[in-house]
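The structure appears right after this line, and notes come after that.
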């Protein structure tokens, strides 16, 4: 057998590697068995299987990795190097072909929203099916190769959804199906889609999905973080509107997670991030929403005190109408208030506190339009810029005095940052009514551990031009986040939850879910990924191993 020929030479690698020579019969069975089992698991045609076997048995690094004569120290050193990544790319190219596996390209690398995620991997895998994903996961697992997974790549955190030459990028853009059930109640959606594409695909059917507000945000990352929607008050978070997850697990098997099957995994995927496998299909409950009312109003910054008071009045009163949603973003010079109602209307009374404050300009006049038309408007306003970005999450109960105190502090920080670097920092508050919690609970709950009270989730987005400015820009952002915590605790209004979708690189959203939920997530990960492939070989993301 060909493998035996190569192993004869492999036995003499010991002196080069600094370990004693080992008897051939101690090595051959282990390596032969490992390679044979791996190749068999891929279920390849005979000629391809032989080609893969020959490739593996002719590679010294593979033999060292698999040999029981190799010390654990040496294996760890090999795994931490980039030597196995080219082998994995070669194997995957032979298994899946050039249409799926390709060398790195700038066009694919620069899909990520932030420049700090423009890393160049050893190769890029663009699977077109769950089987392709399964082959990729089996291969990186067998060869202990680092990898990253990208749905939309909208996170600005350095290294998220990206990887350098030490590993492989599995990018999911070809998993882009949208199919609607005959009764229009469930849409099956691929993780490689952006939300704008999903809404357009469903528009003619008169239904929508509960998903992201900005069209360029990817399906996968938003759902796995929980997912804020315009319609969350009425239908819950995006994750709470998943009927079933089709997922490739760490051993390469394809499983379904829903309320009846793998229920612990189902719960964990609703907010638990990229810790359990690669989701290849989301079966989403649709919502009977197409025609909506919306407007966007721009105010001068001098209106901030009145607008904060209006926002709190809306939180306490207007938000009881679950068809409402408010986008509230403060900048140093202007404030943008977006108002959304989930059906056609004239002037919903729930928004009266805002209507009493005259805007500088009606950026978007009151419009009876559609989910698609409003999403297109937001896409034009929040276009993607090729530069570093950061954001940060914090939460609190409804508290006007707290909002005012933190906004005042933020304004001093944002002004100093702009003066020093030219960077723009926003102050955005997202109302989360109690109904979001109850809707989620009614569908089995999620991992976030939300307090069962009305609350707000704050975030800031900051953009700057050069990596040399990172510290100068990020330090004030961190300071504002700490201000939410200290001032909120002093007033008894602090909520520890950090929404993963707004979490910054140094934050710990998973730990913010509470000890009980964190332990449940870790138990689920251990059950479905006992080797901890997604904790140790996955490049980045909010991982349980770091929580």
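The values are calculated or read from the model by the stated rules, or taken from the named source; none is laboratory data. Since we're looking at a predicted model, the values are computed, not measured. Note that we place each Cβ from the backbone using ideal geometry, even for glycine, and neighbour counts take in every protein chain shown.
Condition test on residue 340, is it out of contact with any strand residue (DSSP E or B) (no Cβ under 8 Å at 6 or more places or on another chain), in contact (Cβ under 8 Å) with a residue 60 or more places away in the chain and at negative phi?
Details: out of contact with any strand residue (DSSP E or B) (no Cβ under 8 Å at 6 or more places or on another chain): no; in contact (Cβ under 8 Å) with a residue 60 or more places away in the chain: yes; at negative phi: yes.
It is false that residue 340 is out of contact with any strand residue (DSSP E or B) (no Cβ under 8 Å at 6 or more places or on another chain), in contact (Cβ under 8 Å) with a residue 60 or more places away in the chain and at negative phi.
What number of residues within segment 43-86 are within 20 Å of residue 164 (Cα to Cα) and crowded, with 20+ Cβ neighbours inside 10 Å?
Residues that pass the stated criteria total 2.
Before we move on, is residue 396 over 30 Å from the mean Cα position of the chain (by Cα) and over 30 Å from residue 200 (Cβ atoms)?
Details: over 30 Å from the mean Cα position of the chain (by Cα): no; over 30 Å from residue 200 (Cβ atoms): yes.
The answer is no for residue 396.
Could you please let me know if residue 252 is under 20 Å from residue 211 (Cα atoms), modelled with pLDDT of 95 or more and not in a helix (DSSP H, G or I)? Can you show your working first?
Working: under 20 Å from residue 211 (Cα atoms): no; modelled with pLDDT of 95 or more: yes; not in a helix (DSSP H, G or I): yes.
Judged against the criteria, residue 252 is not a match.
Right, residue 89: touching a helix residue (DSSP H, G or I) at 6+ places or on another chain (Cβ under 8 Å) and either within 20 Å of residue 540 (Cβ to Cβ) or not in a strand (DSSP E or B) (or both) or not? I'd like the intermediate steps shown before the answer.
Working: touching a helix residue (DSSP H, G or I) at 6+ places or on another chain (Cβ under 8 Å): no; either within 20 Å of residue 540 (Cβ to Cβ) or not in a strand (DSSP E or B) (or both): yes.
So residue 89 does not fit the description; no.
Residues 255, 209, 233: which one is in the same structural domain as residue 283 (by TED's automatic domain parsing), surrounded by fewer than 24 Cβ atoms within 10 Å (Cβ to Cβ) and under 21 Å from residue 441 (Cβ atoms)?
Working: 255 fails: under 21 Å from residue 441 (Cβ atoms); 209 fails: surrounded by fewer than 24 Cβ atoms within 10 Å (Cβ to Cβ).
Every option except 233 fails the conditions.
Just one of the numbered conditions (1) modelled with pLDDT under 95; (2) out of contact with any strand residue (DSSP E or B) (no Cβ under 8 Å at 6 or more places or on another chain) is not true of residue 239; which one?
(1)
Could we say that residue 43 is at pLDDT 85 or above and assigned to a loop (DSSP other than H, G, I, E, B) here? Even if it seems obvious, please write down each step before you answer.
Values: at pLDDT 85 or above: yes; assigned to a loop (DSSP other than H, G, I, E, B): yes.
Criteria met by residue 43.
Filter segment 285-300 for residues that are touching a strand residue (DSSP E or B) at 6+ places or on another chain (Cβ under 6 Å), surrounded by fewer than 21 Cβ atoms within 10 Å (Cβ to Cβ) and over 15 Å from residue 370 (Cβ atoms) and give the result.
285, 298, 299
Anything in segment 221-245 that is under 22 Å from residue 537 (Cβ atoms) and either without any contact (Cβ under 8 Å) to a residue 12 or more places away in the chain or in a strand (DSSP E or B) (or both)? List them, or say none.
Filtering segment 221-245 for residues under 22 Å from residue 537 (Cβ atoms) gives 221, 224-225, 245.
Correct list: 245 only.
In segment 465-547, which helices (runs of 4 or more DSSP H) lie fully inside it and hold 2 or more residues that are crowded, with 21+ Cβ neighbours inside 10 Å and outside the structural domain of residue 396 (by TED's automatic domain parsing)?
Working: elements: 470-491, 515-528, 533-536.
Result: 515-528.
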